[in-house]
Structures are given as C-alpha cells and as structure tokens.
1. Rounding to the nearest 20 debye, state how big the charge dipole of chain B is about its Cα centre with +1 on each Lys and Arg Cβ and -1 on each Asp and Glu Cβ.
2. What does the net charge come to around A:Gly131 if you take all other residues with beta carbon closer than 11 Å to its beta carbon, with K and R at +1 and D and E at -1?
3. Which whole-number percent is the relative contact order of segment A:1-146 (Cα, under 8 Å, 6+ apart)?
4. Of B:Gly99, B:Leu12, B:Leu150, whose Cα points farthest to the positive end of the dipole of chain B (charges on the beta-carbon: +1 Lys, Arg; -1 Asp, Glu; origin at the Cα centre)?
5. Just want the answer: with Cβ charges of +1 for Lys and Arg and -1 for Asp and Glu, which residue in A:Ala351, A:Gly311, A:Cys385 is farthest toward the dipole's positive end in segment A:293-446?
6. Using Cα centres only, tell me the gap between segment A:206-226 and segment B:90-137 in whole Å.
7. Evaluate peptide B:74-85: per residue, the Cβ atoms of other protein chains within 10 Å of its Cβ; return the mean as an integer.
8. Would you mind counting up the charge near A:Trp192? Only other residues with Cβ under 15 Å from its Cβ, with Lys and Arg at +1 and Asp and Glu at -1.
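Just so you know, all these numbers are worked out from the coordinates, no wet-lab data involved. Since we're looking at a predicted model, the values are computed, not measured. Positions of Cβ are generated from backbone atoms using ideal geometry, with glycine treated the same way; all protein chains shown enter the neighbour counts.
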Amino acid sequence: MGMTITEKILARAAGRSHVEPGENIWVNCDVLMTHDVCGPGTIGLFKQHFGPKARVWDPEKVVIIPDHYIFTADPRAHRNIEILREFVREQGIKYYYDPDFLHGDGMPTPYRDPRRTSYKGVCHIALPEEGHTRPGEVLFGTDSHTCTAGAFGEFATGIGNTDAAFVLGTGKLWLKVPPTMRFIFEGELPPWLMAKDLILAVIGEIGCDGATYKAMEFTGEGVFSLNMEERMTLCNMVIEAGGKNGVIEPDQRTLDYVNARNKSGKPYQVVRNDPDARFCYEKVFDVRRLEPLVAMPHSPDNRATVSEVKGLKLDRAYIGSCTGGKITDFRAAARILKGRHVRIDTFIVPATTEVEAQLHTEQIAGKSLYEIFVEAGARIGPASCAACLGGPIDTFGRLNEPLRCISATNRNFPGRMGHKDAQVFLASPLTVAASAVAGCIADPRDYL
Amino acid sequence: MLEVIRGPAYVLGDNIDTDQIIPAQYLIYNPAIPEEYRMLGKYALAGVPVAQAGLPQGYVPFHRSEDEFKASFPIIIAGRNFGCGSSREHAPIALNAAGVRVVVAEFFARIFYRNAVNGGYLIPFESVERLVEQIRTGDEVEIDVSHARLVNHSTGRTHALKPLGDIAPILAAGGLFAYARLAGLLPSAT
C-alpha cells in the first residue's frame, strides 16, 4: 500500500519500509532546534535525566536560535540567554546564533548593522536562511511553529521541553504516524491574494481543531506558483488548525533554495507521495475565486471576507513574525504603503536580521522598503518574535491596552499579543497595510 | 499514578489555548529552577478572560488570592481543543504547579497532550460526552482513573471517560524518561 510524503519520511526515520497512520514509532531526529524561551527548561531536564556531565547526542544536529525575549530589560530573559551560551560552550554546539549585543542589565541596544551580528532573529525563518532545512529530514523544535519547515518537504513539528530533552540525549523520539489531509489549490493567485489568505481559508473551513493529530499537505498550481517564503506561510499556520505538520512536495524552486543555503553540504533525499498514497481528507480551492480574508477575534478559524468587515475601526497595525515578517511580506506591504501615510500606529518587525538587511537593499521605484515604511509613518523594530506573542511588558509593539489590532501574525486567542481584552484581527500583509492606511479594515484591491 | 482523585472542579470552555493557560510574559521563568516552577503555578490560567473563568457563571478566580501559588481545584473540566496554540511546556507545568491533577476535556490539542503525558504533569482524560454544561465550578468531583469514570458528588451523576490507552503506561511510570527506563530504552540509572 502506498504512503504519503509524511508517512515515507517517518518510515525512513524509523528504519522501516512501511508505516501506517495511527502506529506509534520511534524516529531518529535530523535537527533539533530550540530557543531562549524553551531552551533553558530543556537543558535543565537534559541535565536532570542524563546527568550533569551528559553530552548531547550530536552537537552538529542541535541548532539554538535565541529570538523571543531579546529586546527587553527583563533580567530573567537575559539570564536565559546566558544559560544558552553556557550550554553551547559546554557542549560544543556548532550552530548557535548569539545576540552578541546583549550584555548585562537594561534594554539592550540592538546591533548597528544587521549584516554584522551573529544574531539572526525568528528561528523558523533563520532555520532555512542558515541552511538547516532539507527535504526528507525530521526536524523537531521547541516551538509550535516549527511546522513552517514542512515547506521544504520535510517532517517538522513542535515539541515540548521533556521531548526535546529526550532528543538531546538520545537523538530519538516516539511519534504517532498522522494520517494526511490534502488541500489542493487550483489556479494562480491574483495579485491581491497571499498565502496568508489561503491558509486562513483552510483554517476557516476545517476549524482550529480540524487537523488535530493530522498532517496537512498543500498541493496544486496555486501552491507551486508560490515562492518558498509564501509556502512557509502556508505550513506555518497548520498548527492553528491543530495540525501536527504541514508539508509541500519539493520542486525545482525548493531545491534551488535549499542547495544555495545548505552550508554543511549535507546530502538529503527528496520524498514524494506514492501514486497510491491514501489521504484521509481532500479539499479543492479555486484560488481565482477566493477573496482576501480576516480571522476575527478571538480565534484563527473565525473567518470573514474583507468585504464583509470592511470599515471596522482599528487602533493599530502590525506586520512581523515567522508568519508575516519575511521579505515577501514586506515587499507586499510596501506596494500599498508607498507614497501613502498610515492613519493608525503601525509596527514593522522583520523576522530576521537578513530580512532587515533586505529592507534596506530591496527597492520599489528607487526607494528602499525601509524608506517607504519610514515615510509612511510606520515604526520599525529590530528582528525578533516581538509582540506576536505579547511577551514581557516592554516588548516592541505589545498590546498593553485593550486595543483593536490588525496583524500579519498567526494567532488571536485572548491575550495573545498582550492585553487579554485586546482584539486581534489576522490578515495578510497586503490587507494589514491597506487597513493601516485606512485606519479601519480595508480591502487591498482598493489600494493596488 | 493515583487511582482516585477527588476535589472541587474548575470549569472552562472551548479552545483554552496555552496563552490563556500561562500568558507569554511569564515564560521568562525557567521551570528547571524550582522557585520559578512555583511561580508558574501562581500565574496558571491568568490569561483566561474573567467572564469565562469558572463556568457557568464566570468571574470565579482560579486562585483564592493573588499571592497563592496553588489553587484549590485539582480537577479541570473543559470543552474542545484544550491546550491549543504554542508548544510551551510551561502550560502543563503551570497547571501542575497550581495543584491540578487531572484535566477532563472533550479532546486536547496534540502538543499540550504530549507534554502533559511525557512530563508526567497531569492526567489528560477525554470525556465521552460534553461535560462543560453538566458540571459547575466548585462541584465536588471524583475521578476513578483505572475505571475511566467521573463521579459528580454534587449532582450524583456518573460520566464515562475514554480509556487512557497508549499513554497509560507512560503516565503510570511518571513520564517519558521513567517509561523509557522501564522499557529498557534508556539505561536504568544515571
């Protein structure tokens, strides 16, 4: 019987010729990623269970990317970075992206030049940028949006500290093989739609628990016409439907991206669906008939079309995070913000220092994206997870009051961006930019 | 694993995500440090909007006072998709530190469920029927673990729970590490 991409990757990682959905198996991990929020707890459990002198199973397969609480004066957040640094030194971890500007007390002064720092920013974007994502591999990360890397044709999923500590010591983890749901996007996207609209359509369709315990595969012309960053946005939000992993079959564009970045030169194996692979669900979307969407408060599946909620007053706009802070996202926002001025507080947070450097080099009609945003009246913060998940009170862009914010991020449950009575509306960077200009929910089609 | 757990229930609705269970501002605490593990208990469920806190009436604080590290509700009753959202293990840890022993939900989000089991923090039971409208916050509830049964002493009604299945031996061992040692997957002592 045929297997899906996810089943085939897991079978290989388990050293088996075949696995079935529902089976519990032990798999070998190719890359384990952790960050400053879950790393310290993971390291503590690793030492507790394997002993104070224990060594990680493979220091070249552990990737540590501080990204969450960097630009804060909180002393415990700084202490957590120190814990990571100490562990990296002690274990000889090869891939660590240090916030080298962070020393001692108070709010750290960010790097001056985003090209001259070892710091990267948001782990899910840093992983592919730094060549840690490869087709066919198994990636575990102590963050629910680890599923982003499924865009590269690998199995990538979020785990907790205990699981991560277990992997650190053994390189293995038990998993239940998920059945695969398949989402087929027919047609090419019109210029006012983005991958964010597609994934909001999916989550609105199946609900924020519609893929619990399942893999979600995206396919069709609409998907393969997307660049890698947009494919990452699709896979990034599968967790918002409860999905275990998202996956897209690799094509030439995937291989070009991976080969250009795969610094270690590690070989990999492209995995495709067997012709007789079985899917537990299939849904076809005609992207030519989709409209820009918004997920209304307080759940990512609370779908509305922009036309239905247009005009709803807002206090703030936010473009950033692993979901909406890539250069493709800012290119899209700049198409609307160029030569216009925002009516509400608008925050721009590049996911990584690489994206931030690109804000200065990418231009539209002779102006850099950075200049376009500054002239539009937006505030630009340093690369980090920032206010996507609220974070410490002094986090850039955090909703410290019960405001209404339209955001290119991923989650809008109560309190997600700070204040628990705040209202968060999730939308594409195009829709967020249009709404920033209008001061209310606005349709990007009116601004392009 | 305790065979019978008894105490007042705290009732919540659907989609109680990890930001409501432990808001992100408290993720500065490192659960590997016992003092900070306790702090997570103090802020457990701090993100639940007050009108939905302690159903059906709402506005029931989970902790009796702001300086309490532990709450007095060993059993949580919830609806669909409990623990959705982030992978933060701080979520089941916060509930454990606050004294929660069992969460009964219609079903759980995957990562929270794994974390609860693999860390051995609490027993995640799935209910056969929706209980959120049948149990009130403060009802005296008893969970019979081996028979997968919930008795509400305040109403006299018994509700079936789904058997724990695959996770029972992991919970019985006390979590993933203890289970792996028992199963011979890890050396028995460190």
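1. So the dipole magnitude of chain B works out to roughly 240 debye.
2. Combined, the nearby Lys, Arg, Asp and Glu give +2.
3. It rounds to 29 percent for segment A:1-146.
4. Final value for the positive-end residue is B:Leu150.
5. Of the candidates, A:Gly311 comes out farthest on the positive side.
6. About 27 Å separates the Cα centre of segment A:206-226 from the one of segment B:90-137.
7. Average neighbour count from other chains, rounded to a whole number: 3.
8. Within the 15 Å Cβ shell, the charges total 0.
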